[in-house]
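*Asks:* Quick one: the structure is below, questions incoming.
The values are calculated or read from the model by the stated rules, or taken from the named source; none is laboratory data. Nothing here was measured: the structure is a model prediction, and the numbers come from that model. Here the Cβ is made from the backbone with ideal geometry for all residues, glycine too, and neighbour counts use every protein chain on show.
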Amino acid sequence: MPISAETRLKLYRSMLECRVLEKRAYDLFMQNLIKGTSHLALGQEAIAAGFGMAMRPDDYTFCTYRGHNHTLVRGVSMTAILGELMGNSSGLMRGKGGSMHLTSVKHHMMGSYAIIGAHLTIANGAAWSAQYRGTEQVAVCFFGDGTTNIGAFHEALNFAVIWKLPVVFVCENNLYMEYTSIHDVTAVEHPAADRASAYGLEPVLIDGNDVDVVYRTAQRALELARRGGGPSLIEAETYRHGGHSRADPGKYRPDDEVKAWLAKDPLPRYRTRLLQMGITEGEIEKIEGETQAAIDGATETARTAPPPPLEIADQDVWANGGSAWRN
Amino acid sequence: MNVLMPQLGETVAEGTVANWHKKVGDSVIADEIICDIETDKVSMEIPSPGAGVITKILVPAGTTVEVGTVLAVIESGASASAGAAATKSAAPAPQPPAAATEAPPPSWYAAMPPAMSEAKEQYTPQASTSSAAPTQLAVASTGGPQAAARDTHQRLSPAVRRLAAEHRLDLAAVSGSGRNGRITRRNVVEFIQTRQTTAQAAAPVAPVVAHAPTAAASAPAAPTAAAPTPATRAPIPGPAPASAPAQLGTSVPFTRIRRLTAEHMVRSKVTSPHVLQAVEVDFQRVDQVRKTVRDAWKAKHGYSLTYLPFIGNAVCRALLDYPHLNSSVQGDALLLHPQVNLAIAVDLGAEGLVAPVIKAAEKLSVAQLADAIADIAQRSRANRLKPDDFAGGTYTLSNSGTFGTLITAPIINQPQVAILSTDGVRKKPVVIETSEGDAIAIRPVGVLAQSFDHRAVDGAYSAAFLDRVRKLLETSHWVIDV
Amino acid sequence: MAQLTYRDAVAAGMAQEMRRDPNVVLLGEDVAAAGGVFKATVGLLDEFGAKRVKDTPISEQAIVGAAMGAAMTGLRPVVDLMFSDFFAVCWDIVANQIAKTRYMTDGQVTLPLVIRSANGAGSRFGAQHSQSVENWAMTIPGLKIVAPAFPGDVKGMLAAAIRDEDPVLFFEQKSLYATKGEVPDGEHVIELGKANVIREGTDVTIVALALMVPRALKAAEMLQEQHGINATVIDLRSLVPLDTQTILREVAKTGRLVTVEENPRLCGWGAEISSIVAEELFWDLDGPIVRVTTPHIPLAAANNLEDAQLPNPERIVASVRQLVD
């Protein structure tokens, strides 16, 4: 079934919002308004946007610390994300979690996880819960290429397959772990797709920078899971424009490689496709203008918010809101 | 060979014999199933450990026994010796397991192997010295029955310190029943409770002879009615029990000095069989000498010349002829001291009694003795006595006569064997013999009363000594070098 | 009132809660068909079916991670981790994820899960299967930790743990599984965070946990009969939340504290309690605080070696006698 123009515009808007958000985060970091560390997904917008569009509102998202986009596409406001990065009271968790742990349970965005591999096992649990309760919810779990070599990846895949869990595992292969090329440290060429058969899964390898491809693949995988067909493992090839984290300028990648991938930047690529499909420049510029205004407004709101109240520092360790370990 | 109840699970302690496939007298071959057992919902067949004949079945079907229990006995070989079929239902005592089976989980409270030494990590009490702290008391024991070792390091726990602060206690007044005499929290709590219930102190355990003046001052030559008590070391009475019934009156807790005095007095009486002997002394000649030098002496020495140095001098001279009264009892022997270290009892009032010592007093003249006495008296009151001042006394003078008492039965200053009390000297009519016959004269008369330790000497010896003292006082040609 | 074994009390507690709440599920290695390697979950598969009682592969990270994901999304999972030593295999999920996620998400996430495991020594399993690891967990904020000693407490506290909205690590002592005790009939729930004074005395307060509790009781008997020392014994039962008030109250009465810990010496729960008492009850102490522990060495497998390493009643008695004067 072809993707409607309306959907395509939404996809473009979604990717663009991700792009401006991450760029704004970059700028704010450079202005020292964002502290600590931040892992940007510039260049990887198509994966977040494509899946975000295909998922049901009550499907679960689990992602890594490089999760600003995945949080945004579930409907969390730019303000809340920027506020969390800036560590003030406008933040999604009022500064208690930080960039690496963005979570919005009401959006079914079940968390960004900073320890490699852990959230694959946790996503299984959410999928099991959906299966147990019979709700046809699906858990979608995003992770990087480096994750495919950690124990939890393998445990999670095996586990998901034997219980036939409604979970979609999405490997965003941007070819580099932190500073090391994934090829140098992986026994197989395609770190996720080449492991699928070890777990009885169909190998799926896609162009992660083509949002239409991502969207369709997502639909298929979600449908499979929803009707009880079990998990999928998808490897989406992509590339990050920046370094691993804000502190990393990414100078370890060969220039021609960078150049080649920048030519496949999902955003200009899709813009061109939209124009080719007959969508007007005006419509596109409108989206671009609105997106820019949105990020500027969000930045202003987030930037001027007060710091988090001190009393929350020892709250919410326990469900009763407290942190007492003794009487 | 024994068939044992095996352990079928790591944490399983018992099993039940479900049924026997064989009976006593049956032959079995190796691995043939002889019974079924169940442990915690697992069933299992038990094979025979070898070939032979079942001679005993010790645990009937349906019985639950501990892992390791012998279920049956198989005699290997062909002979079908008649084994008594033990059909008792009581489970026999567990036998040591055969080679293959695991030992059952241990019974924790059975005889345990030696535990790992954690000496470094466990609390070990400090090694403490048991020497008694030097005290300031005259009758502090300088030997004799050892006092309960005082906690010389004064380890006062936080609880003890806090209670003492809250209740304004002088911890010197609290005796400790803890290790090495430590004052424990309980000691303090009981002390406070005793104070609060205003209970009269319960009678101490050891017998205490009343320290009261005896009216009948006859000094018989023979031993007195104070029959010698065996020199047993009775326990020092502890603090009054907290449960003594409430009584009328005001409770005045012992100060540390009072308590120590009490303990030493009791100990002395318990150690030495005290006998009291007394003589009346006519101090006429002494008085004459005193009067002669009085003003010059006072002017020069700053204090008055009293009877005491005269008495001390007489005592020292008499002791040279009666050395057994200048001694100490040591086991079955009497240690005669080479010199007279004369202890002079000084009453410091609230501070109690002290008895500093004048060493080699027999070498001193009356004037020197007077100075020595004045010096220690003054230093006593100024609290400038040193431990050495209390060491080595061999005989004690107790000057009780300040208030004009008639006679005092003093308590021996251990480890000495005698003590002399000098009571009031007052003018009395005495009969004197003159060439014209008996006449009445007014003379200054005072009683000298000696308590002696009947282990060391008998009454005749003591009496002769006292007589000598009296004669020396009454007839010496005193020359005082002011 | 019934006499149940410790292991049957586990199953009884599970069953009570699974009957009550359809969202309570059990997962772990060999828990369903086999009833658990320690036979502590026998009968649950039969009663509640394979949807709620699930056997897993040997994948501790996946198991515990799945429990977390399920707890985040509406279920109340109970994990059977088999041996508490295996926490080391999935410690990331427990310490980094489960313990912290509610806090990091500013209270958005609730994790009503329980991880049961067989803890401690005495069964000759050797160093890697005999550890007392409750102290590992005690150092991580965000985890509740309990370790019952008696079957009645097992059932009641497991029920409370399952009903708790927070993650609870439920440590069963593997050498106590066969012991028997009174378990009340009917619904039985014991609030977490409550220590139990099981013997009242006057001379010293002994605080013990799990396997050390019966040993402390035995030591108290011996102290009374042979040495006239009258000891209070407290079954701590719950490390987090910690019933500090009971400990302080009881130590104030006697002025002396002895802890009996099965764990190796360093940084055991007894050290924490010693510190609290030394700080908050200093002026009531009549002697130093003493800890009786296993020495700081791995546990041996042989009978006599392991028995010598763990605190036994004789060693507890000796330590108390050194302290009480």
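*Asks:* Could you check how many residues of region A:128-152 are at negative phi and either within 10 Å of another protein chain (Cβ to nearest Cβ) or over 19 Å from the mean Cα position of the chain (by Cα) (or both)? Explain how you work it out, then say what you get.
*Replies:* Our first condition is that a residue be at negative phi; within region A:128-152, this holds for A:128-133, A:135, A:137-152.
From what is left, the residues that are either within 10 Å of another protein chain (Cβ to nearest Cβ) or over 19 Å from the mean Cα position of the chain (by Cα) (or both) are A:128-133, A:135, A:137, A:139, A:141, A:149-152.
Within region A:128-152, residues that are at negative phi and either within 10 Å of another protein chain (Cβ to nearest Cβ) or over 19 Å from the mean Cα position of the chain (by Cα) (or both) number 14.
*Asks:* Another question, if that's okay. Looking at this structure, is C:D85 surrounded by fewer than 22 Cβ atoms within 10 Å (Cβ to Cβ), within 14 Å of chain A (Cβ to nearest Cβ) and either in contact (Cβ under 8 Å) with a residue 40 or more places away in the chain or over 21 Å from C:L209 (Cβ atoms) (or both)?
*Replies:* Considered against the rule, which asks whether it is surrounded by fewer than 22 Cβ atoms within 10 Å (Cβ to Cβ), within 14 Å of chain A (Cβ to nearest Cβ) and either in contact (Cβ under 8 Å) with a residue 40 or more places away in the chain or over 21 Å from C:L209 (Cβ atoms) (or both), C:D85 comes out as no.
*Asks:* Yes or no: C:R52 within 28 Å of A:K164 (Cβ to Cβ), without any contact (Cβ under 8 Å) to a residue 60 or more places away in the chain and basic (K, R)? It would help to see each step written out before you state the result.
*Replies:* On the way: within 28 Å of A:K164 (Cβ to Cβ): yes; without any contact (Cβ under 8 Å) to a residue 60 or more places away in the chain: yes; basic (K, R): yes.
It is true that C:R52 is within 28 Å of A:K164 (Cβ to Cβ), without any contact (Cβ under 8 Å) to a residue 60 or more places away in the chain and basic (K, R).
*Asks:* Just give me the residues in region A:304-320 being outside any helix (DSSP H, G or I) and more than 25 Å from A:L21 (Cβ to Cβ), in sequence order.
*Replies:* A:P309, A:Q315, A:D316, A:V317, A:W318, A:A319, A:N320
*Asks:* Would a scan of region B:435-447 turn up a residue that is among the hydrophobic types (A, V, I, L, M, F, W, C) and touching an Asp or Glu at 6+ places or on another chain (Cβ under 7 Å)?
*Replies:* Within region B:435-447, one or more residues are among the hydrophobic types (A, V, I, L, M, F, W, C) and touching an Asp or Glu at 6+ places or on another chain (Cβ under 7 Å).
*Asks:* I need a count of the residues in region A:96-117 that are more than 8 Å from chain C (Cβ to nearest Cβ) and touching a strand residue (DSSP E or B) at 6+ places or on another chain (Cβ under 7 Å).
*Replies:* Residues meeting the conditions: 5.
Here's the yes/no breakdown for (1) under 28 Å from C:P295 (Cβ atoms); (2) away from every other protein chain (no Cβ under 12 Å); (3) in contact with a strand residue (DSSP E or B) (Cβ under 9 Å, 6 or more places away or on another chain); (4) not aromatic (F, W, Y):
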residue: C:L75; (1), (2), (3), (4): no, no, yes, yes
residue: C:I93; (1), (2), (3), (4): no, no, no, yes
residue: C:Q97; (1), (2), (3), (4): no, no, yes, yes
residue: C:W136; (1), (2), (3), (4): yes, yes, no, no
residue: C:F150; (1), (2), (3), (4): yes, yes, yes, no
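*Asks:* Also, quick follow-up: Going through B:V279, B:V286 one at a time, which residue ends up being touching a Pro at 6+ places or on another chain (Cβ under 9 Å) and crowded, with 18+ Cβ neighbours inside 10 Å?
*Replies:* Result: B:V286 is the single residue among B:V279, B:V286 that is touching a Pro at 6+ places or on another chain (Cβ under 9 Å) and crowded, with 18+ Cβ neighbours inside 10 Å.
*Asks:* Among the residues of region C:71-98, which ones are aromatic (F, W, Y), farther than 16 Å from C:T139 by Cβ and in a helix (DSSP H, G or I)? Walk me through it before giving the result.
*Replies:* Of the residues in region C:71-98, the ones aromatic (F, W, Y) are C:83, C:86-87, C:91.
Right, trim to farther than 16 Å from C:T139 by Cβ and you get C:83, C:86.
Hit for region C:71-98 is C:F86, nothing else.
*Asks:* When you look at C:V168, is it within 14 Å of chain A (Cβ to nearest Cβ) and at negative phi, yes or no?
*Replies:* When the stated conditions are applied, C:V168 passes them.
Each row is one residue, and each column tells you yes or no for (1) surrounded by fewer than 18 Cβ atoms within 10 Å (Cβ to Cβ); (2) more than 23 Å from A:R19 (Cα to Cα).
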| site | (1), (2) |
| --- | --- |
| A:L233 | no, yes |
| A:E237 | no, no |
| A:G243 | no, no |
| A:E288 | yes, no |
| A:T291 | no, no |
| A:A302 | no, no |
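*Asks:* Show the residue pairs meeting these rules: Cβ distance below 7 Å; 6+ apart or different chains; first residue within region A:36-57 and at positive phi; second residue surrounded by 20 or more Cβ atoms within 10 Å (Cβ to Cβ) and small (G, A, S).
*Replies:* A:G36/A:G98; A:G36/A:S99
*Asks:* For region A:256-289, which residues satisfy the criterion of being free of Cβ contacts under 8 Å to residues at least 24 places away in the same chain and under 17 Å from A:R13 (Cβ atoms)?
*Replies:* Matches in region A:256-289: A:P268, A:T272, A:L275, A:T280, A:E281, A:G282, A:E285, A:K286, A:G289.
*Asks:* Next up: Can you tell me which residues in region A:304-327 are surrounded by 15 or more Cβ atoms within 10 Å (Cβ to Cβ) and among the β-branched types (V, I, T)?
*Replies:* Listed by number, the residues that qualify are A:I312, A:V317.
*Asks:* Being at pLDDT 95 or above, at the interface with chain C (Cβ under 9 Å from one of its Cβ atoms) and either farther than 18 Å from A:R303 by Cα or surrounded by fewer than 24 Cβ atoms within 10 Å (Cβ to Cβ) (or both) narrows it down to one of A:N69, A:N124, A:N88, so name that one.
*Replies:* A:N124
*Asks:* Something else about it: Can we say C:A161 is surrounded by 24 or more Cβ atoms within 10 Å (Cβ to Cβ), assigned to a strand (DSSP E or B) and of a type in the set (G, A, S)?
*Replies:* Considered against the rule, which asks whether it is surrounded by 24 or more Cβ atoms within 10 Å (Cβ to Cβ), assigned to a strand (DSSP E or B) and of a type in the set (G, A, S), C:A161 comes out as no.
*Asks:* If you scan region C:89-119, which residues turn out to be among the aliphatic types (A, V, I, L, M) and touching a residue at least 12 places away in the same chain (Cβ under 8 Å)?
*Replies:* C:V89, C:I93, C:V94, C:A95, C:I98, C:A99, C:V109, C:L111, C:L113, C:V114, C:I115, C:A118
*Asks:* For region A:143-162, give me each residue that is surrounded by fewer than 24 Cβ atoms within 10 Å (Cβ to Cβ) and among the small types (G, A, S).
*Replies:* A:G146, A:G151, listed by residue number.
*Asks:* Here's a follow-up. With A:G297, A:G242 as the choices, which residue is of a type in the set (G, A, S), over 19 Å from A:F51 (Cα atoms), out of contact with any Leu (no Cβ under 6 Å at 6 or more places or on another chain) and away from chain C (no Cβ under 14 Å)?
*Replies:* A:G297
*Asks:* Moving on to the next point. So, A:G95, is that one part of a helix (DSSP H, G or I), small (G, A, S), farther than 11 Å from A:T64 by Cα and modelled with pLDDT of 95 or more or not?
*Replies:* Spelling it out, it is not the case that A:G95 is part of a helix (DSSP H, G or I), small (G, A, S), farther than 11 Å from A:T64 by Cα and modelled with pLDDT of 95 or more.
*Asks:* Something else about it: Has region C:133-145 got at least one residue that is among the aliphatic types (A, V, I, L, M), closer than 24 Å to C:V317 by Cα, free of Cβ contacts under 8 Å to residues at least 60 places away in the same chain and outside any helix (DSSP H, G or I)?
*Replies:* Looking for residues that are among the aliphatic types (A, V, I, L, M), closer than 24 Å to C:V317 by Cα, free of Cβ contacts under 8 Å to residues at least 60 places away in the same chain and outside any helix (DSSP H, G or I), one finds none in region C:133-145, hence no.
*Asks:* Just wondering, is there one or more residues in region A:190-203 that are farther than 27 Å from A:L267 by Cα and among the acidic types (D, E)? Walk me through how you get there before you give the answer.
*Replies:* Within region A:190-203, the first condition is being farther than 27 Å from A:L267 by Cα, and the residues that meet it are A:194-202.
From the residues that got through so far, the ones that are among the acidic types (D, E) too are A:194, A:202.
Among the residues of region A:190-203, at least one is farther than 27 Å from A:L267 by Cα and among the acidic types (D, E), which makes the answer yes.
*Asks:* Same structure again: Considering region C:22-53 alone, what residues qualify as being away from chain B (no Cβ under 14 Å) and under 24 Å from the mean Cα position of the chain (by Cα)?
*Replies:* Of everything in region C:22-53, those that are away from chain B (no Cβ under 14 Å) and under 24 Å from the mean Cα position of the chain (by Cα) turn out to be C:V24, C:V25, C:L26, C:L27, C:G28, C:E29, C:V31, C:A32, C:V53.
*Asks:* Within region A:8-35, how many residues turn out to be closer than 22 Å to A:Q219 by Cβ and touching a residue at least 60 places away in the same chain (Cβ under 8 Å)?
*Replies:* Of the residues in that region, 8 qualify.
Residues are listed down the side, and each one gets a yes or a no for (1) more than 11 Å from every other protein chain (Cβ to nearest Cβ); (2) in contact (Cβ under 8 Å) with a residue 40 or more places away in the chain; (3) assigned to a helix (DSSP H, G or I):
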{"residue": "C:P214", "(1), (2), (3)": "no, yes, yes"}
{"residue": "C:A219", "(1), (2), (3)": "no, yes, yes"}
{"residue": "C:L239", "(1), (2), (3)": "no, yes, no"}
{"residue": "C:A252", "(1), (2), (3)": "no, no, yes"}
{"residue": "C:S274", "(1), (2), (3)": "yes, no, yes"}
{"residue": "C:T293", "(1), (2), (3)": "no, no, no"}
{"residue": "C:V317", "(1), (2), (3)": "no, yes, yes"}
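*Asks:* Let me ask something additional. Residues of region C:295-312 being within 7 Å of another protein chain (Cβ to nearest Cβ), surrounded by fewer than 22 Cβ atoms within 10 Å (Cβ to Cβ) and either closer than 30 Å to B:G176 by Cα or in contact with a Lys or Arg (Cβ under 7 Å, 6 or more places away or on another chain) (or both), which ones?
*Replies:* Residues of region C:295-312 within 7 Å of another protein chain (Cβ to nearest Cβ): C:295, C:303-304, C:307-309, C:312.
Checking which are surrounded by fewer than 22 Cβ atoms within 10 Å (Cβ to Cβ) leaves us with C:295, C:303-304, C:307-309.
Result: C:P295, C:N303.
*Asks:* Of the residues that make up region C:4-16, is at least one in contact with a Phe, Trp or Tyr (Cβ under 9 Å, 6 or more places away or on another chain), at positive phi and modelled with pLDDT of 95 or more?
*Replies:* Among the residues of region C:4-16, not one is in contact with a Phe, Trp or Tyr (Cβ under 9 Å, 6 or more places away or on another chain), at positive phi and modelled with pLDDT of 95 or more, which makes the answer no.
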